[in-house]
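Every number in this text was worked out from the coordinates using simple rules, so none of it is lab data. Because the structure is a prediction, the values reported are computed rather than measured. Cβ placement follows ideal geometry from the backbone for every residue including glycine, while neighbour counts extend to all protein chains displayed.
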Amino acid sequence: MIESVVGFALRQRILVAVVSGLLVLGGLYTLRIMPIDAFPDVTNVQVQILTEVPGLSPVEVEKLVTFPIELVLAGLPGLQEVRSLSKFGLSQTHRRLPRRHGSLFREAARDGANDFREGRTPRWRAT
């Protein structure tokens, strides 16, 4: 069996060289277009909303900013972890979601931005 394969390869050198060259070219083409990730990203989505409200005490920040954001984001499907921190003029809200639900927080955060009282619109950014 092996003798016949080797014999065929020796008799048909040009055919073997062309097929080998096509395989090498196909491999090089695939190498160029294929995304290579040595360590795939298997982490979950972490959403951190930092809201600056200058001049408010931690109690006011908690009541007027952090709590409304927590209420809006509490209904997200698959919510795994919730943490928040209120300091002088700063509210930090942290959520952990499964990867498949990562884009849902944007809509909820926009809804929460409309719920602030007394005409104060804090500057916030979601990262």
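Assuming a ≥ b ≥ c are the square roots of the Cα gyration tensor eigenvalues, decide whether the stretch 1-51 counts as rounded (a/c under 1.5), prolate (otherwise, with a/b larger than b/c) or oblate. Walk me through the intermediate numbers first.
Numbers: a/c = 11.02, a/b = 3.73, b/c = 2.95.
Taking the square roots of the gyration eigenvalues as a ≥ b ≥ c, the stretch 1-51 is prolate.
Please list, by residue number, everything in the stretch 42-68 whose backbone N is under 17 Å from a paramagnetic label point 7 Å out along Cα→Cβ of Glu81.
Answer for the stretch 42-68: 42-50.
Hey, can you grab everything whose amide H is under 5 Å from the amide H of Leu90? Only 5+ residues off in sequence or another chain; H modelled, so Pro and N-termini drop out.
Sorted by chain and number, the residues that satisfy this are Val53.
Work out how far the C-alpha atoms of the stretch 11-85 reach from end to end along every principal axis, then list the three figures in whole Å, largest first.
That works out to 87, 27, 16 Å along the principal axes.
With a point put 7 Å past each Cα toward its Cβ, work out how far Glu3 is from Leu23 in nm, to one decimal.
Here the modelled spin labels are 2.4 nm apart.
According to a simple spin-label model (label point 7 Å from Cα along Cα-to-Cβ), what is the distance in nm between Val16 and Gln92?
With each label point 7 Å from Cα toward Cβ, the separation is 6.6 nm.
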